[in-house]
Each structure stands twice: as C-alpha cells, then as structure tokens.
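This report refers to the structure that appears directly beneath it.
The values are calculated or read from the model by the stated rules, or taken from the named source; none is laboratory data. Source: prediction; values computed, not measured. Glycine gets a Cβ as well: all are built from the backbone with ideal geometry, and neighbour counts include every protein chain shown.
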Amino acid sequence: MEPYDSKRILLIDRQSHWREAFAHALRSAGFIVCTLDTYNYVLPQVCLKGEEPDLVVLGCVLIRPEEQMLITQILARKHHLLVLSISLPWHVMHSLFLQGVDDIVDKPHNPATVVDFVNEVLESTVTLNSYWSIERNGIA
C-alpha cells in the first residue's frame, strides 16, 4: 500500500471544533486534508487541487434527509466513506452499510482516534473482495 502521507482526506463536518481538531490530527499524521463545513455537495477536486479523495469522512449527529442526500452523492461518485456520528440507531447503520458506506463509528472524543479509524478504513479498501470490487467499480 502507498504511504499514508500521500492519502487525501475530504473531511466534512458542520461543527467547527470537531472539524478543526480532526483535521489537525490527520494532518499531523501526514494526510492531505481538505475540510468542508457544509453538506451541500461540492466536487472534492475543488479543495483537493484536482485530485480525488482517497477517503471522505463525514461527521454528523444524525442521518436526516440532508445527510442522506450527501451520502448518496458521495457514494454515487464511488468514494470510500467513513461516517462519524454521535448516535445512530441500528437500522440506520444497517441501511448505510447496504448503501456502500465503508464504516460507521461513534464520533470520538479524542481526535487522535480519528487517525486510527481512517487508517483502518484505508487498509480495508485495499483488500476488497471480488464481489465488493465488482459492485463498487461496476466491473463485469
């Protein structure tokens, strides 16, 4: 796998204290990080200088229609997605996994923990099984 310092992360969170703390932790770990404070879909290349993100990290409290629309748009672009949430019911998490979200975890209180979550998701995206690869990439 490539070194993590070349991995590009798009971090979306409306809460500035979480967004800034998580971005700082990720940058300190060597990631290239772009942050957005809106759920309005923006092409990730806009803030990543023409590059696609290796992972999109979405911080949210709940999955309301606005968050669901953003998740749908992110997954439609075939981006890997990690959702950090305060509290999600089991059926909502199940639905998100069925849609293609790579992982869903509780929003950590320690920003350094986000680095661990991101590393785990990035590692799991490298070893996709053939069925998942076909589903995500549309290879027939």
Select from region 74-102 the residues that are modelled with pLDDT of 95 or more, surrounded by 18 or more Cβ atoms within 10 Å (Cβ to Cβ) and not hydrophobic (A, V, I, L, M, F, W, C) and list them in ascending order.
His80, Gly100, Asp102
When region 23-71 is checked residue by residue, the ones that are within 17 Å of Leu88 (Cα to Cα), touching a residue at least 24 places away in the same chain (Cβ under 8 Å) and not in a loop (DSSP other than H, G, I, E, B) are Val57, Leu58, Gly59, Cys60, Glu66, Glu67, Met69, Leu70, Ile71
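Only one of these is surrounded by 13 or more Cβ atoms within 10 Å (Cβ to Cβ), at pLDDT 95 or above and either among the β-branched types (Val, Ile, Thr) or farther than 24 Å from Glu123 by Cβ (or both): Ile71, Ile32, Ile63. Name it. Before you say what the answer is, go through the steps one by one.
Working: Ile32 fails: at pLDDT 95 or above; Ile63 fails: at pLDDT 95 or above.
Result: Ile71 is the single residue among Ile71, Ile32, Ile63 that is surrounded by 13 or more Cβ atoms within 10 Å (Cβ to Cβ), at pLDDT 95 or above and either among the β-branched types (Val, Ile, Thr) or farther than 24 Å from Glu123 by Cβ (or both).
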Please determine, by comparing only the residues of region 103-114 that are among the charged types (D, E, K, R) and surrounded by 15 or more Cβ atoms within 10 Å (Cβ to Cβ), which one is farthest from the chain's Cα centre (by Cα).
Lys107
Among (1) in contact with a strand residue (DSSP E or B) (Cβ under 7 Å, 6 or more places away or on another chain); (2) closer than 16 Å to Val121 by Cα, Gly100 falls short only on (1)
